[in-house]
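Notes follow the structure.
The values are calculated or read from the model by the stated rules, or taken from the named source; none is laboratory data. Note that this is a predicted model, so its numbers are computed, not measured. Because the Cβ atoms are built from the backbone with ideal geometry, glycine has one as well, and the counts that use them run over all protein chains shown.
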Amino acid sequence: MRSKRACRVTGGYRIALVGLSGRRMLIVIRVTSIVLLSLCSATAWANSVKPVNEVGGRLQETHVRPSQHEVAEGKLFHAIWSHDLKAAQGILDAGLNPDYIFAESDTSPLVEAIAERQPKIIALLLTHGASVNFGEETGLVPLAVAAWYDDADTVSELLKRGAKVDALDEDGYTPLLQAASHAEGVGVVKLLLASGADAKKTGAKDGATALMLAASRVNVEAVRFFLKFGLDPCARDNEGMTASGYVNSLVNPSGGKEIRRILDAPCK
């Protein structure tokens, strides 16, 4: 769900939604932390190099030295990528404010810890003052990321701390829409609805409903749940597609067939 910036993709699974004939396919990419750390370090080094200068007839590269604050910010991200709780604690105990966007990955420590599935580091960041809504104005929504990862414990904790339940992320989706697009079952969906999420909100960019996204996930339980909740199976997105058209039978042939049967019947 996140943007495809190289250093933003860390040592875990990332799934990109790719348009194909009006439908969505799930592409899973595995990147090891070691390779990732090397890529990000290389990017950071490259960005620090100034244009080559000629000094005394020789070519000489000059570098911009990062400030101590910038070094600390980078070290915290490396601690998150390495799942190093002790290192992260030391950096935060030294006074680093966890609410910042790391220039080399364009994300925040809290969002990265959520993506890395690191509950202890998430708790550490929150204890040290990380805002559950930091980055929301630019589409970086921690609650939406936790919902996308189907992380019920983190979703619950963020909601308790005042996370905006209907904030729009960079995809134009609310946390509920992200949960519908990727969650297993309906646990996270129910948590969000219990906290006041608007089930009838649609994607700001594509007009997709929660029912459509649950169908794309081939989540039979969620499809039945959203139908009982009152979502219209015959509603159309911005391209004129109904929920039935979102079903990706390649993911789950039997589930896809069942969902199409459920969704098509009311629209004939």
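Below are the figures for this structure:
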{"read-out": "Index of the failed condition, Asn248 passing every other in (1) in contact (Cβ under 8 Å) with a residue 40 or more places away in the chain; (2) within 19 Å of Val145 (Cα to Cα); (3) crowded, with 17+ Cβ neighbours inside 10 Å", "value": "(2)"}
{"read-out": "Filter result for Glu70 (of a type in the set (D, E, K, R) and touching a residue at least 60 places away in the same chain (Cβ under 8 Å))", "value": "no"}
{"read-out": "Only one of Arg224, Arg261 that is under 19 Å from Val186 (Cβ atoms), of a type in the set (Lys, Arg), assigned by TED's automatic domain parsing to the domain that holds Val186 and part of a helix (DSSP H, G or I)", "value": "Arg224"}
{"read-out": "Qualifying residue in segment 198-214 (condition: polar (S, T, N, Q) and not in a loop (DSSP other than H, G, I, E, B))", "value": "no"}
{"read-out": "Evaluation of Gly95 against (1) surrounded by fewer than 18 Cβ atoms within 10 Å (Cβ to Cβ); (2) touching a Leu at 6+ places or on another chain (Cβ under 8 Å); (3) part of a loop (DSSP other than H, G, I, E, B) (one fails), failing number", "value": "(2)"}
